[in-house]
Amino acid sequence: MPDVRTPLISGNWKMNLDHFEALRNLQKLAWLLPKDIYQRSDVSIHPPFTDIRTLQTSIEADRMDILLGAQHCHHEVTGAFTGEVSPVFLQKLDVKLVICGHSERRDIFGETDEMVNAKVKAILKHNMTPIMCVGESLAEREAGETEAKVLGQVVNGLQGVKKAEVGSMVIAYEPIWAIGTGKTATADDAQQVCASIRAAVTASFGADAGASVRIQYGGSVKPGTTEELMAQPDIDGALVGGASLDPDDFSQIVKIAAG
Ligand code: 13P
């Protein structure tokens, strides 16, 4: 069944680009991507919150096929959570995919597996797709703990999620040591971890969920590394940070990944 999984290439802009810059970036990206690319791949961008309304307007007005994403949200719908953003607000802005559990959120802002699990459920409840990030640190990799760490995050993050919902989700394997460092996991290493993630999903949620969950690789993805990563049977897309800020590089990555 692997051919049911449409590649998903996502640009995580992190805390970069104000809404004017973001608009220019989006419009250049849309212009660089041929119309037929969306028949072979899904493309999402994840700008800062303050850019989302501007980009939504442009996507709608110009009938772009680029999917609007967010980088984070709170798990509650409303209430006394100063500074947080509700999944309902994102849904109202036509956000389709929400990253959760990014290693920067986990490491800098103290998000735990339990918090990530609550976000996954909230995102699904509001008809958006979670991109749940997992990954090991360099110390964990060197201690031979990669699988234990990553599969623990997968199992905890998906606790209590329905089988069909798991099958509709995206899991991004992002080794922390490869993020923003220029170091990429070898395609073989990335494939091995992604295959283990799929096996863990299959074991807990059944063959259908395992076959349809999309698994992205993230960590210093560049145009030059995309082809080999995407050729791996269990890698269904890429979550791109730095290179997604440059529409030329990002459109190259999308074209290569779409095949
Ligand atoms: P880089 O592509 O800059 O390494 O970032 C990866 C990432 O964290 C995407 O979420």
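The values are calculated or read from the model by the stated rules, or taken from the named source; none is laboratory data. Since the model is a prediction, treat every value here as computed from it, not as a measurement. Counting neighbours? That spans all protein chains shown, and the Cβs are built from the backbone with ideal geometry, glycine included. The area values use the complete protein model at the heavy-atom level, side chains included, leaving out ligands, DNA and RNA. Shrake-Rupley method; radii C 1.70, N 1.55, O 1.52, S 1.80 Å.
A few notes on this one:
- Test: residue in segment 203-212 that is under 17 Å from the mean Cα position of the chain (by Cα) and under 22 Å from ARG105 (Cβ atoms): no
- Those residues of segment 224-248 which are part of a helix (DSSP H, G or I) and either out of contact with any helix residue (DSSP H, G or I) (no Cβ under 6 Å at 6 or more places or on another chain) or surrounded by 19 or more Cβ atoms within 10 Å (Cβ to Cβ) (or both), in sequence order: GLY224, THR225, THR226, LEU229, MET230, GLY242, ALA243, SER244, LEU245, PRO247, ASP248
- Within segment 38-59, the residues that satisfy the criterion of being out of contact with any Asp or Glu (no Cβ under 7 Å at 6 or more places or on another chain) and either surrounded by fewer than 20 Cβ atoms within 10 Å (Cβ to Cβ) or polar (S, T, N, Q) (or both) are GLN39, ARG40, SER41, SER44, PRO48, PHE49, THR50, ARG53, THR54, THR57, SER58, ILE59.
- Across segment 172-222, the number of residues qualifying as of a type in the set (Gly, Ala, Ser), under 15 Å from GLY157 (Cα atoms) and within 15 Å of the ligand (Cβ to nearest atom) comes to 1.
- Qualifying positions in segment 123-142 - among the small types (Gly, Ala, Ser), open to solvent by less than 60 Å² (accessible area, probe 1.4 Å) and over 16 Å from the mean Cα position of the chain (by Cα): SER137
- A single entry from ALA22, ALA30, ALA70 fulfils the requirement of being over 19 Å from the mean Cα position of the chain (by Cα) and either open to solvent by less than 10 Å² (accessible area, probe 1.4 Å) or small (Gly, Ala, Ser) (or both): ALA30.
- Condition check for VAL88: open to solvent by 60 Å² or more (accessible area, probe 1.4 Å) and touching a residue at least 24 places away in the same chain (Cβ under 8 Å): no
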